[in-house]
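Below: one structure, written as structure tokens.
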Amino acid sequence: MIKLKTEINNYPNETLHQSINHLQFSKSLNDDILTSSSIGGISMSLVIGNPAPDFTLLTDEDKPITLSSLCGKKVVLYFYPKDNTPGCTKEACDFRDYFSTFKKNNVEVFGISKDNVKTHTQFKQKYALPFTLLVDAKAEVCQAYGVMNKKSLFGKTFLGIQRSTFLIDEQGNIQKIWRKVKVTRHVEHILNELK
């Protein structure tokens with residue numbers, strides 16, 4: 001696997017009622033990200049067969065986990081914009097509802113967003129999510145996987161997470177990529193790929 005060094009930091013909890021603060025945060029994040037087209041020399045154009053960029057991130061339990069430690073298992077990494085928003089909630093609940101099928105196939109499922117540990121924990125408890133949520137507060141892993149895209153809100157343009165999923169094989173290589181994910185039946189498409 002390609003090694004990606006990340007820092008584990010938390011940003012203050014954001015809610016839907018703090019959109020302006022979110023935009024200000026996103027603008028400062030944009031300034032950081034737009035100054036570089038890659039992280040550690042890693043191309044942002046990942047394709048099937050590439051080694052999955054390795055990383056260490058905090059979980060919703062405030063413990064670090066490293067992707068390369070999961071070699072020998074298939075891994076689903078799904079990137080989503082924000083906890084407790086309608087599309088992200090539906091997607092998380094779909095993964096929850098099919099979670100036993102993923103486990104039977106020896107597949108680990110991880111959701112990744114820029115939300116902090118507290119927000120992830122609340123989201124996970126509220127919807128009884130049985131899988132792990134990862135904190136990518138500085139969007140470094142999002143950038144490495146090429147899921148940061150321009151978005152608009154209230155007439156402002158900022159970089160946000162484009163809903164995307166990566167299936168990683170037992171050797172740590174990318175087996176399948178879904179970009180610009182439509183939530184409806186997405187989890188079923190992933191399970192079909194596992195057959």
Flagged pairs (Cβ under 6 angstrom, 6 or more apart or on separate chains; first in region 95-123, surrounded by fewer than 21 Cβ atoms within 10 Å (Cβ to Cβ); second of a type in the set (D, E, K, R) and at pLDDT 95 or above) are N106/K73; V107/K74; E108/K73; V117/D62; T121/D60
Residues in region 147-190 that are buried (at least 20 other Cβ atoms within 10 Å of the Cβ) and within 11 Å of the chain's Cα centre (by Cα) total 7
| said: Condition first: part of a helix (DSSP H, G or I), under 23 Å from V181 (Cα atoms) and either hydrophobic (A, V, I, L, M, F, W, C) or at pLDDT 95 or above (or both). Can you find one or more residues in region 43-53 that meet it? | reply: no
Restricting attention to region 65-82, the residues that are surrounded by 14 or more Cβ atoms within 10 Å (Cβ to Cβ) and in a strand (DSSP E or B) number exactly 7
Picking from F131, F123, the residue that is among the aromatic types (F, W, Y), in contact with an Asp or Glu (Cβ under 6 Å, 6 or more places away or on another chain) and closer than 23 Å to K180 by Cβ would be F123
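One line per residue, one yes/no per condition, for (1) within 17 Å of P64 (Cα to Cα); (2) out of contact with any strand residue (DSSP E or B) (no Cβ under 9 Å at 6 or more places or on another chain); (3) in a helix (DSSP H, G or I); (4) of a type in the set (V, I, T):
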site: N84; (1), (2), (3), (4): no, yes, no, no
site: G87; (1), (2), (3), (4): no, yes, yes, no
site: F102; (1), (2), (3), (4): no, no, yes, no
site: F110; (1), (2), (3), (4): yes, no, no, no
site: L129; (1), (2), (3), (4): no, no, no, no
site: G146; (1), (2), (3), (4): no, no, no, no
site: T157; (1), (2), (3), (4): no, no, no, yes
site: T165; (1), (2), (3), (4): no, no, no, yes
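The values are calculated or read from the model by the stated rules, or taken from the named source; none is laboratory data. All figures in this text were calculated on a predicted structure; none of them were measured in a lab. Positions of Cβ are backbone-derived with ideal geometry, glycine not excepted, and every protein chain shown enters the neighbour counts.
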